[in-house]
Amino acid sequence: MTGELELVVAEAEELFRDLRLGAVRRWKEETGGLAVGYMPIYVPLELFHAQGVMPVGIFGGGDQLEIIRGDAYYQSYICHIPRSTIELGLNGAFDCLDGMVFPAICDVVRNLSGMWKLQFPDRLVRYLDVPQNFDPEVGGRFYRAELESLAAELAARGAASYDASRLRESIAVYNELRGRVRDLYDLRRREPWKVPTHELYVLLRASVVQPVEASIRLLDRYREAALAADERRPMDQARVLVTGSFCEQPPLGLIRTLERSGCYVVDDDFVQIHRWMECDLPTGGDPLASLVDAFLADSVASPVRYIGEETKGRALLERVERSGAEGVLFCAPSFCDPALLDQPMIVAAVEAAGIPWTAFKYAENNGQFQVIREQAGTFSDSIKLWSD
Amino acid sequence: MTTPAEAVPEVRKDGSQHKQKQMIADHFSRLARAPRTGDKCVYTFVPGNLTELLLSFDLLPVLPEINALQSGMRGKSREYISLAEKQGHSEDVCTYVKCDLGMMKSGNVGPTGEKIPDPDLLLLSYTGCFTFMKWFEILRQEYGAPVAMLHVPYQGDGEITAAMRDYVVEQLRRNVIPALERVSGKSYDEDRLSELLARSARAEDDLVWVLESAKNRPSPIDAYFGGVYYIGPIFTAFRGTDEAIDYYRELRAEVEQRLADGRGPLAPDGEIEERFRLVVEGPPNWTSFREFWRMFADEGAVVVASSYTKVGGVYDTGFRHDPARPLESLADYCMGCYTNLNLPRRVELLSRYVVDYGADGLLVNSVKSCNSFSAGQLMILREVENRTGAPGGFIESDLVDPRYFAASNIKNRLESYLQMIDQKRQAGGTA
Ligand code: SF4
Ligand code: SF4
């Protein structure tokens, strides 16, 4: 790896591994602003930014956190992310957060919002309901009311009041970020050897725990250094799309294992928030309406969204096509209802399209990847053999 | 999640019980005849069900959760779940879904031995649980039936706001009612809906009276094992009917009589002599329902209040269906179901039950299937203990997957819990 590339990745990895959110603490000291955590998938980051609030992605404790108290909050058959999140809340890692927002992901996150209210009664705790009805006059109106009340709640906690022009500016800033992420995904799709997924992943993780402007700079530096890394050469790897890891994230070691066992990950669901909207949002007009319209019309086909008339799996097949993936890896956290209930429907579509697939489960704190290494290795070998 | 009364084995001989059995048998036979009579079937869920609205269009409700729990009680669920798992459904997810799918793949034969017709519409009223949404996405793929979606917002802040109510009402007007009009070929008749809602409220009054009779000592009812009978008609296909009014009137009269006689509830092996009064959080296990109940009855443990009997509607805090504001009232009903309450509200309700019903403590039966119920129950338990001073107990099982009913383990835990209550009593504690 060249010096700069190494440096950028190390910087990102340090941010990603810093469960005590040092960058957030520093930002607060410098600005005196509020910082509010949010659980994975989607929240309107622009709205926080426009009110001078730093949104902070809370994606669990990964494989670096020892669970001491979190297990006393959850039965064994519930996924891992809520127990590591509670652990971090209790051990003081989130002391720099003035509040938490829990988007409507699943019953676990929904209930965690109430647990947070009970555990941290002085903080802002907000369940953000998002519509499953995509009619602008119905779901759109409801979502707008949710956003307005979120904005009011942030202001009541000391954030700047809602201001349309500031929101337009924030939308523009996040368009920049989204554009950078899209470009890197495109680059990885074209030249996956230039942008290994274990690097892209830590960059994305870093992007949710530091100010957006700093994330844009980091992504720019990375792109430049990755493009210049001529020593990175294509290898005979199978191109795979990884799906199912939209909430509790796989440990970094698992992503490395997939790559080492012969897979180029050419599309994925990791840290999906910057790719939740597939296009840029308008920077003029009524910016709240832009947030609402984009959510209704332009969100990814996530398992946490109701897929109405459309055929299940169509969106994934399109992603397979776009990314040139030769196979699909269903890679979901254990006990993840939305991912695991969705999977058989998507598998049916993938099979009908004649695309090879395989499936395994993980927990964010897994440390042993031998089985997955063998499974992914066999899968990539079979793809290579088949495509030959 | 849900209720079952249809499937509960015959352990009681009260007249209301026979009546309920007959109501259910008639319903299933009407369903079985539907392909010949032209009646249309709408599959839907118990929490947040829109029964009166369906009945106002003469549509027949089918409740897959009920079918699943019936399969559990009839000893069929193991085979059905295994079939669904063989077809790729994860061992980690809700067993109601897998049980329903297995039943469907095995011919969709209901409890009366007759085939349940395919859905003409899937009414996805999405209250208190995200799994419902996935469940009907799966059924849509299986049956190719249309879906009418009703997204019911969650009470994240423990209240129903005007925006939430408007959202539900608008979906009813713009999506659900037109879908019901299409499938039934009839126009929406608000007067008829109101009449049905007025009948619901009458039955609801009697149900609440019955549930609250458990405040007496001894309690004349068991509000969990017995409670699943009592909620049967009102949580399923009968809310809004005269039969439901009659059933609850008769049930109330029976309980009044038991109260007057100073008798305790009937359990599988006869009347229970009350030694412990418990509040139970979480659904029961269906595959070993009688064995489970017997464990309580043998110890003289009577459940005086339960959250499970509120999954299809929380009526004892004052809500009634209101004929004067039909759609708004349906919206409030949907949003008010137990698992749609946030955790602080659940803690408040359970703490109130412990105090108001003079319970010795809160026992949680945590089912593996159901994150909607289970995620957070350990915290609920501690909070209720802190607020009431009454000790909490915790057992684990599942709804319809017999692999997760470890009888000796559950029995041990229950006995230790009751011993703890006893010791506290002897020590002059709060219990
Ligand atoms: S991992 Fe899945 S089940 Fe767990 S909180 Fe996330 S979405 Fe919910
Ligand atoms: S997860 Fe719970 S509430 Fe949802 S369908 Fe299953 S048992 Fe019912």
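The values are calculated or read from the model by the stated rules, or taken from the named source; none is laboratory data. Owing to the predicted nature of the structure, the values given are computational and were not obtained by experimental measurement. Cβ coordinates were reconstructed from backbone atoms using ideal geometry, including for glycine residues, and neighbour counts include every protein chain displayed. Remember, those area values only see protein heavy atoms, side chains included, never the ligands or the DNA or RNA. Shrake-Rupley method; radii C 1.70, N 1.55, O 1.52, S 1.80 Å.
Screening A:TYR201 against (1) in contact with a helix residue (DSSP H, G or I) (Cβ under 7 Å, 6 or more places away or on another chain); (2) within 14 Å of another protein chain (Cβ to nearest Cβ); (3) crowded, with 19+ Cβ neighbours inside 10 Å leaves a single unmet condition, (2). If you go through region B:117-141 and keep only what is more than 16 Å from B:LEU54 (Cβ to Cβ) and charged (D, E, K, R), you end up with B:ASP118, B:LYS134, B:GLU137, B:ARG140. If the condition is being open to solvent by 10 Å² or more (accessible area, probe 1.4 Å), more than 11 Å from ligand 1 (Cβ to nearest atom) and within 11 Å of chain B (Cβ to nearest Cβ), then region A:78-91 contributes no residue at all. Restricting attention to region A:317-335, the residues that are at the interface with chain B (Cβ under 9 Å from one of its Cβ atoms), touching a strand residue (DSSP E or B) at 6+ places or on another chain (Cβ under 8 Å) and surrounded by 22 or more Cβ atoms within 10 Å (Cβ to Cβ) add up to 1.
Looking at the structure I just gave you, is B:ALA390 over 27 Å from B:THR131 (Cβ atoms) and either at pLDDT below 95 or more than 17 Å from the chain's Cα centre (by Cα) (or both)?
Numbers: over 27 Å from B:THR131 (Cβ atoms): yes; either at pLDDT below 95 or more than 17 Å from the chain's Cα centre (by Cα) (or both): yes.
For B:ALA390, the condition - over 27 Å from B:THR131 (Cβ atoms) and either at pLDDT below 95 or more than 17 Å from the chain's Cα centre (by Cα) (or both) - is met.
Please indicate, with yes or no, whether at least one residue in region A:21-28 is more than 18 Å from the chain's Cα centre (by Cα) and among the small types (Gly, Ala, Ser). The answer is yes, given that some residue of region A:21-28 is more than 18 Å from the chain's Cα centre (by Cα) and among the small types (Gly, Ala, Ser).
For B:ALA68, indicate whether it is in a helix (DSSP H, G or I), within 16 Å of ligand 2 (Cβ to nearest atom) and within 14 Å of another protein chain (Cβ to nearest Cβ). Answer is no for this residue.
Whether any residue in region B:351-365 is within 16 Å of ligand 2 (Cβ to nearest atom) and in contact (Cβ under 8 Å) with a residue 40 or more places away in the chain is what I want to check. Yes, because at least one residue in region B:351-365 is within 16 Å of ligand 2 (Cβ to nearest atom) and in contact (Cβ under 8 Å) with a residue 40 or more places away in the chain. Looking across region A:291-339 at every residue that is of a type in the set (Asp, Glu) and in a loop (DSSP other than H, G, I, E, B), the one that is farthest from ligand 1 (Cβ to nearest atom) is identified as A:GLU326.
Specify which of the listed residues (B:ARG387, B:ARG403) is touching a residue at least 24 places away in the same chain (Cβ under 8 Å), open to solvent by 70 Å² or more (accessible area, probe 1.4 Å), in a helix (DSSP H, G or I) and farther than 30 Å from B:LEU69 by Cβ.
Working: B:ARG403 fails: farther than 30 Å from B:LEU69 by Cβ.
Answer to the check: B:ARG387.
Could you grab me the full set of residues in region B:169-179 that are open to solvent by less than 10 Å² (accessible area, probe 1.4 Å) and either facing chain A (nearest Cβ under 9 Å) or aromatic (Phe, Trp, Tyr) (or both)? Within region B:169-179, just B:GLN171 meets the criteria.
Every residue, every condition in (1) more than 14 Å from chain B (Cβ to nearest Cβ); (2) closer than 21 Å to A:PRO40 by Cβ; (3) exposed (fewer than 15 other Cβ atoms within 10 Å of the Cβ), yes or no:
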| residue | (1), (2), (3) |
| --- | --- |
| A:VAL130 | no, yes, no |
| A:GLY139 | no, no, no |
| A:ALA145 | no, no, no |
| A:ALA152 | no, no, yes |
| A:GLY158 | yes, no, yes |
| A:ARG166 | yes, no, no |
| A:ALA172 | yes, no, no |
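Could you list, in sequence order, all residues of region B:148-167 that are within 14 Å of A:ASP135 (Cβ to Cβ) and at the interface with another protein chain (Cβ under 9 Å from one of its Cβ atoms)?
Kept after step one, since they are within 14 Å of A:ASP135 (Cβ to Cβ), are these residues of region B:148-167: B:148-151, B:166-167.
Result: B:MET149, B:LEU150, B:HIS151, B:ASP166, B:TYR167.
Examine region B:102-119 for a residue that is under 21 Å from B:ARG239 (Cα atoms) and in a helix (DSSP H, G or I), and state whether such a residue exists. No, region B:102-119 contains no residue that is under 21 Å from B:ARG239 (Cα atoms) and in a helix (DSSP H, G or I).
Among the residues of region B:371-384, which ones are facing chain A (nearest Cβ under 8 Å) and either in contact (Cβ under 8 Å) with a residue 60 or more places away in the chain or of a type in the set (Asp, Glu) (or both)? Outline the logic, then answer.
If we filter region B:371-384 for residues that are facing chain A (nearest Cβ under 8 Å), which is where we start, we get B:371-372, B:374-379, B:383.
Residues satisfying the conditions are B:ASN371, B:SER372, B:SER374, B:GLN377, B:GLU383.
Which is open to solvent by less than 60 Å² (accessible area, probe 1.4 Å) and at positive phi, of B:GLY262, B:GLY226? Selected residue: B:GLY262, the only one of B:GLY262, B:GLY226 that is open to solvent by less than 60 Å² (accessible area, probe 1.4 Å) and at positive phi.
If I ask for residues that are under 16 Å from A:GLY70 (Cβ atoms) and within 16 Å of ligand 1 (Cβ to nearest atom), which ones from region A:104-134 would you list? Reasoning before the result, please.
First, the residues of region A:104-134 that are under 16 Å from A:GLY70 (Cβ atoms): A:108-109, A:111-112, A:115-116, A:118-120.
Scanning region A:104-134 gives A:VAL108, A:VAL109, A:ASN111, A:LEU112, A:MET115, A:TRP116.
Selection within region A:24-77: residues that are among the acidic types (Asp, Glu) and away from every other protein chain (no Cβ under 14 Å). The member of this set that is farthest from A:GLY114 (Cα to Cα) is A:GLU30.
Output the qualifying pairs, or none if there are none: Cβ atoms under 8 angstrom, residues six or more apart or on different chains, first residue in region A:170-186 and within 22 Å of A:ALA160 (Cα to Cα) and in a helix (DSSP H, G or I), second residue open to solvent by less than 60 Å² (accessible area, probe 1.4 Å) and β-branched (Val, Ile, Thr). Going by the 8 Å Cβ cut-off, the qualifying pairs are A:VAL173/A:VAL212; A:VAL173/A:ILE216; A:TYR174/A:VAL212. With respect to A:PHE94, is the statement that it is within 14 Å of ligand 1 (Cβ to nearest atom), in a loop (DSSP other than H, G, I, E, B) and not assigned by TED's automatic domain parsing to the domain that holds A:ARG275 true? Answer is no for this residue.
What number of residues within region B:71-99 are in a helix (DSSP H, G or I) and open to solvent by less than 10 Å² (accessible area, probe 1.4 Å)? Qualifying residue count, region B:71-99: 10.
Just checking, which of B:GLY300, B:GLY313, B:GLY318 is more than 15 Å from B:ARG239 (Cα to Cα) and touching a residue at least 12 places away in the same chain (Cβ under 8 Å)?
Details: B:GLY313 fails: more than 15 Å from B:ARG239 (Cα to Cα); B:GLY318 fails: touching a residue at least 12 places away in the same chain (Cβ under 8 Å).
B:GLY300 is the lone residue from the list that is more than 15 Å from B:ARG239 (Cα to Cα) and touching a residue at least 12 places away in the same chain (Cβ under 8 Å).
Residue-wise test of (1) small (Gly, Ala, Ser); (2) closer than 30 Å to B:SER374 by Cβ; (3) under 22 Å from the mean Cα position of the chain (by Cα).
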site: A:PRO234; (1), (2), (3): no, no, no
site: A:LYS312; (1), (2), (3): no, yes, yes
site: A:ALA325; (1), (2), (3): yes, no, yes
site: A:PRO344; (1), (2), (3): no, yes, no
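Among the residues of region B:110-128, is any within 12 Å of ligand 2 (Cβ to nearest atom) and away from chain A (no Cβ under 13 Å)? No; the residues of region B:110-128 include none that is within 12 Å of ligand 2 (Cβ to nearest atom) and away from chain A (no Cβ under 13 Å).
Just one of A:ARG157, A:ARG144, A:ARG180, A:ARG168 is in contact with a helix residue (DSSP H, G or I) (Cβ under 7 Å, 6 or more places away or on another chain) and farther than 23 Å from A:LEU296 by Cβ; which is it?
A:ARG180
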